[in-house]
Amino acid sequence: MAAVIPDQLHDHHHGPTGLMRWITTTNHKDIGTMYMIFSFVMFLAGGVMALTIRAELFQPGLQVVEPELFNQLTTLHGLVMVFGAIMPAFVGFANWMIPMMIGASDMAFARMNNWSFWLLPPAAILLIASFFVPGGATAAGWTLYPPLSIQMGMGMDMAIFAIHIMGISSIMGAINIVVTVLNMRAPGMTMMKMPLFCWTWLITAYLLIAVMPVLAGAVTMLLTDRHFGTSFFNAAGGGDPVLYQHIFWFFGHPEVYIMILPAFGIVSQIIPAFARKPLFGYASMVYATASIAILSFVVWAHHMFTTGMPLAGQLFFMYATLLIAVPTGVKVFNWVATMWRGSMTFETPMLWATGFIFVFTMGGFTGLICAIAPIDIQIHDTYYVVAHFHYVLVAGSLFSLYAGAYYWLPKWTGRMPDERIGKLHFWASLIFFNITFFPMHFLGLAGMPRRVPDYALQFADFNMLASIGAFGFGLSQLIFLWVVIKAARGGGEKAPARSWEGAEGLEWTVPSPAPHHTFEEAPVVK
Amino acid sequence: MSHTLEKYFVPEPSIYPIFGSVALLLFGSGAVMWLNDVGPGPLVFFLGIALLIYMMFGWFGQVVKESQGGQYGKRVDLSFRWSMGWFIFSEVMFFAAFFGALFYVRVLSLPWLATGENEAVLWQGFTQEWPSSGPYPYAEAFTPMGAWGIPAFNTLLLLTSGVTLTWAHHGLLKNRRDQLAKGLLATIALGVIFLGFQIYEYFHAYSDLNLRLDSGIYGSTFYLLTGFHGLHVTIGAIMLAVMYFRVRAGHFRPDNHFAFEATAWYWHFVDVVWLFLFVVVYWL
Ligand code: HEM
Ligand SMILES: [Cu+2]
């Protein structure tokens, strides 16, 4: 892709300074940075909860936390990781990269962009503070199923309002991204020339706009059932607790694609760069992403095979779910085909991206296994499902985030990431991840239920192994902090504009670190 | 090659978003405290609302100023159009959750409660009918809301308001400012009358029909669907009022009046939601 870049070395930042700069900023790079810092803080908070859970599960019996607190921890771990860590991290990437990738001066609505970010801390405050109110945090699981979620104390109400606030933030953020991509592209940057990351985020943003309001509706019904005597989820009044599950998963399944489609986008940027070949099957990648998004609206009840739905329903949702494997397979095929006969090198970003393909694909396969109704009736709500969604969320979403962070770190900080330490981070994470989550498949198949603080003796060995892996994984993440701080403080090799030999795209045509304002005059893409 | 693309307006750093965030934090925590009877709930709650209103005044006021100052070009205008469209779509999905709940109970869960093991063991003698407050045997009886009284009249009001708004829009396009102002006023008046009837209907339901929020699933769906719709009518009427004052202040030109159009889109959206409501909540 050739581009004419107007002179833009004037790198001025004006307006308030100090803390007020961050509070009032309308700059997409500042806002992107804040999103990422926020999400890493949330990641550590959710991680502490996870390690407490694993400490309790190290041995059978109750040692570390009371069962009540245990349930609060699993619930908040899920909510914090999904809404606090993974989603904001991807929005941070979108903020930083989409304007630079399409040659825009900023996001379409820069002021609203600021609000989208600054709504997150209040939501996080509500969630975390709920541990300290009478009755503690909600312990209904991150899915907040009634009747449990109807019975919880005020921590549940705090979670409901936190979800509302995060929903407002997501919807505004998503609309911003849609409009930016549709309306702010540089001349010549046609839709089918856009980097795949922009495409996957565009489609993700549509998913967000479509399903976040549905989640808001679901938790609003919970709130009125809790406090105003409505009977949405109460059979005695003619409602149905299963109704909640339908509404929740109508949001929930697209939500899992909200957390993985941008990951696909990041990986699709990185693999071509280090295989030094254009992405194989660009158009098919776009169509596959769109098909996954559309299909994700008609598969939700695969989370509900054990609720006693009619056979026809089970069959429909089973086949529809299995169909998603086709476009997902197209993607994996294209990544591998991009590597085929490429002139590959394995710098840290490429290691993460390659690792992603291996481990994410395993999570995809276990997803297919879960999707087969007769099997799922056995493994639903067991550790098998826990293994499945950690393979797609940790080894999928999180690994891609790391891949992207190492890939674009030079653009953000002007310094190359430390290769030796970065590789250590990757291998430690990959190995400890598998030590933690691979045994969970066996635990689940053997019948260990999820969301329990204690378990039968025959599960002891694998649980101990998983706990050891978890602590190893948790500690390994601090390595990343070290890499980022080092680069941010100006340590390490200076990064050239095109920081990786094979990297393509407009973002690599501006200096590293990227000046505060880029593309104030649009480049022309040929 | 910058001449191919006009410069896109990027606002200066702004203090308003953080006000909005603090406002929602106060609003949310105040509501939680109020609902659970701890601490100064109502105070915090209304403080949040007050701050939110202050933030909106300031923020939207600034947007109006920027717009009047000619800072928004054609590209920003197009951004506004896309964003309003997708915002309305998100609102549609919000209502879809509640309509979905209504369909689910009417088509699936009530028939299930009235057949098979549920009927044989749990809720003996429960028959499926609509309206229903569910199988709980001690529930108080209520009379459902009829369709052909106030609701039908309200339908007429909203449909007429759609017409008056379009008439106002024509006035704006042909630069007949008087028609524009009158059309807007008529639309606002119709909206307010609609709301008045809606409030009266709720009073009537509580005092005469014993139809309450806790009247089982019928009461739940009835009040949440009509209530959220009423809230949207209120918001729409406030938006229309703002448009009216802007018209009086001489804003909008035949070729540049997106705020007016956005309000009109919103109003029509609220209209359409009502039509669905009328059919599935009141009528069928
Ligand atoms: C080939 C693609 C996939 C298939 C066929 C699939 C299938 C399934 C099925 C059938 C379940 C329900 C299991 C049960 O509860 O019994 C499930 C659970 C789950 N999946 Fe997937 N999945 C896929 C991809 C993903 C992705 C990409 C993510 C996220 C990035 C994800 C996240 C989750 C989560 C979080 C749960 C557990 C929800 C809960 O009950 O708490 N899945 N998946
Ligand atoms: Cu799913």
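Within chain B, what's the longest run with no GluC sites (Glu not before Pro) in a DSSP loop and at most 13 other beta-carbon atoms within 10 Å? Give the range, please.
Counting at most 13 other Cβ atoms within 10 Å as exposed, the longest clean stretch of chain B is B:141-284.
Could you give the spread of the C-alpha atoms of the range A:192-274 along their three principal axes, from largest to smallest, in whole angstroms?
Principal extents (Cα only, largest first): 60, 18, 16 Å.
With just the Cα atoms defining each centre, how far is the range A:252-269 from the range A:46-108? Give it in Å.
The range A:252-269 and the range A:46-108 have Cα centres separated by 16 Å.
For every other residue with a beta carbon closer than 15 angstrom to the beta carbon of B:HIS170, add +1 if it is Lys or Arg and -1 if Asp or Glu, then tell me the sum.
Charge balance near B:HIS170 sits at +2.
Mind listing the phi-derived Karplus ³J(HN,Hα) values for the range B:257-264, rounded to whole Hz, using 6.51, -1.76 and 1.60 with θ = phi - 60°, and x for any glycine or proline?
Ordered by residue, 3J(HN,Hα) equals 7, 5, 4, 4, 4, 4, 4, 5 Hz.
Could you tell me which of rounded, prolate or oblate describes the range A:151-226, using a ≥ b ≥ c as the square roots of the eigenvalues of the alpha-carbon gyration tensor, with rounded for a/c under 1.5 and, failing that, prolate when a/b is larger than b/c and oblate otherwise?
Prolate is the answer for the range A:151-226, as a/c is 1.5 or above and a/b outweighs b/c.
Take the range A:261-352, compute every pairwise Cα distance, and split them into 5 Å bins from 0; I just need the percent in each bin.
2, 13, 20, 16, 13, 11, 9, 7, 5, 2, 0
Would you mind putting B:211-218, B:274-281, A:348-355 in packing order, based on average other-beta-carbon counts within 10 Å, highest first?
Output ranking for B:211-218, B:274-281, A:348-355: A:348-355, B:211-218, B:274-281.
For every other residue with a beta carbon closer than 10 angstrom to the beta carbon of A:PRO410, add +1 if it is Lys or Arg and -1 if Asp or Glu, then tell me the sum.
Overall, the nearby charge balance is +3.
From the Cα gyration tensor of the range A:414-526, with a ≥ b ≥ c the square roots of its eigenvalues, which class applies: rounded if a/c is under 1.5, or else prolate if a/b is larger than b/c, or else oblate?
Because a/c hits 1.5 or more and a/b exceeds b/c, the range A:414-526 counts as prolate.
Which of A:GLY188, A:ILE203, B:GLY134 sits farthest toward the positive end of the charge dipole of the protein assembly as shown, with +1 on the Cβ of Lys and Arg and -1 on the Cβ of Asp and Glu?
Result: A:GLY188.
Can you spot the aspartates and glutamates whose alpha carbon is less than 12 Å from B:LYS174's alpha carbon? Ignore those fewer than 8 places along the same chain.
B:ASP255
Work through the residues other than A:MET212 whose Cβ is under 12 Å from its Cβ and net out their charges, Lys, Arg +1 and Asp, Glu -1.
-2
In Å and from the alpha-carbon atoms only, list the Rg and Dmax of the range A:326-425.
In Å, with Rg to one decimal and Dmax whole: 16.3, 53.
Cα to Cα, under 26 Å, and not fewer than 8 places away if on the same chain: which lysines meet these conditions relative to A:LYS486?
Straight-distance partners of A:LYS486: A:LYS29, A:LYS411, A:LYS423, A:LYS494.
Taking only the C-alpha atoms, wrap a convex hull around the range B:1-113 and report its volume per residue in Å³ as a whole number.
With only Cα atoms used, the range B:1-113 gives 162 Å³ per residue.
Whose amide H sits under 5 Å from the amide H of A:VAL524, counting only residues 5 or more places off or on another chain, with H placed in the peptide plane?
A:VAL4
If you average the C-alpha positions of the range B:102-135 and of the range A:112-176 separately, how far apart do those two centres end up, in angstrom?
Spelled out, the Cα-based centre of one part sits 33 Å from the other.
Measuring from centroid to centroid over Cα atoms, what is the spacing of the range A:417-452 and the range A:327-346 in Å?
24
Can you pull the mean other chain C-beta count within 10 Å for peptide A:22-35?
Partner-chain Cβ atoms within 10 Å, mean over residues of A:22-35: 2.
Considering amide H positions built from the backbone, and no H for Pro or chain starts, which residues 5 or more places from B:ASN256, or on another chain, come under 5 Å of its amide H?
Answer set, sorted by chain and number: none.
Starting at 0 and stepping by 10 Å, how many percent of the alpha carbon pairs of the range B:13-71 end up in each bin?
Answer for the range B:13-71: a P(r) of 26, 37, 22, 11, 4 percent.
Among all stretches of chain A without exposed GluC sites (Glu not before Pro) (DSSP loop, at most 14 other Cβ atoms within 10 Å), which one is longest?
That gives A:1-492 as the longest site-free run.
Would you mind listing how long the range B:73-283 runs along its three principal axes, going by Cα atoms, in whole Å with the largest first?
So the extents along the principal axes, rounded to whole Å, are 69, 37, 20.
For the range B:75-162, state which chymotrypsin sites (Phe, Trp or Tyr not before Pro) are in a DSSP loop and have at most 10 other beta carbons lying within 10 Å of their beta carbon.
B:TYR138, B:TRP148
Using the Karplus curve 6.51 cos²θ - 1.76 cosθ + 1.60 with θ = phi - 60°, what ³J(HN,Hα) values do you get for each residue of the range A:481-495, in whole Hz, with x for Gly and Pro?
4, 4, 4, 5, 5, 4, 5, 5, 8, x, x, x, 5, 5, 9
State whether the range B:174-249 is rounded, prolate or oblate according to the following rule on the C-alpha gyration tensor (a ≥ b ≥ c being the square roots of its eigenvalues): a/c under 1.5 gives rounded; otherwise a/b larger than b/c gives prolate, and the remaining case gives oblate.
Prolate shape, in that a/c is at least 1.5 and a/b is the bigger ratio.
Could you list, bin by bin from short to long, the percent of Cα-Cα pairs of the range B:66-197 in 5 Å steps?
Each 5 Å bin holds this share of Cα pairs: 2, 8, 9, 9, 14, 13, 10, 8, 7, 6, 5, 4, 3, 1, 0.
Can you give the convex hull volume per residue for the Cα atoms of the protein assembly as shown, as a whole number of Å³?
Hull volume over Cα atoms, normalised by residue count, gives 163 Å³.
Using θ = phi - 60° and the Karplus form 6.51 cos²θ - 1.76 cosθ + 1.60, what ³J(HN,Hα) does each residue of the range A:232-237 get, whole Hz, x for Gly and Pro?
4, 10, 10, 4, 4, x
Roughly what angle does helix A:399-413 make with the longest principal axis of chain A, taking Cα atoms, 0 to 90 degrees, to the nearest 10?
For helix A:399-413, the angle is close to 30 degrees.
Bear in mind that the values in this text are calculations on the coordinates, not laboratory data. Remember, predicted model here, so these are calculated numbers, not experimental data. Using ideal geometry, Cβ is built from the backbone for each residue, glycine included, and neighbour counts are taken over all protein chains shown.
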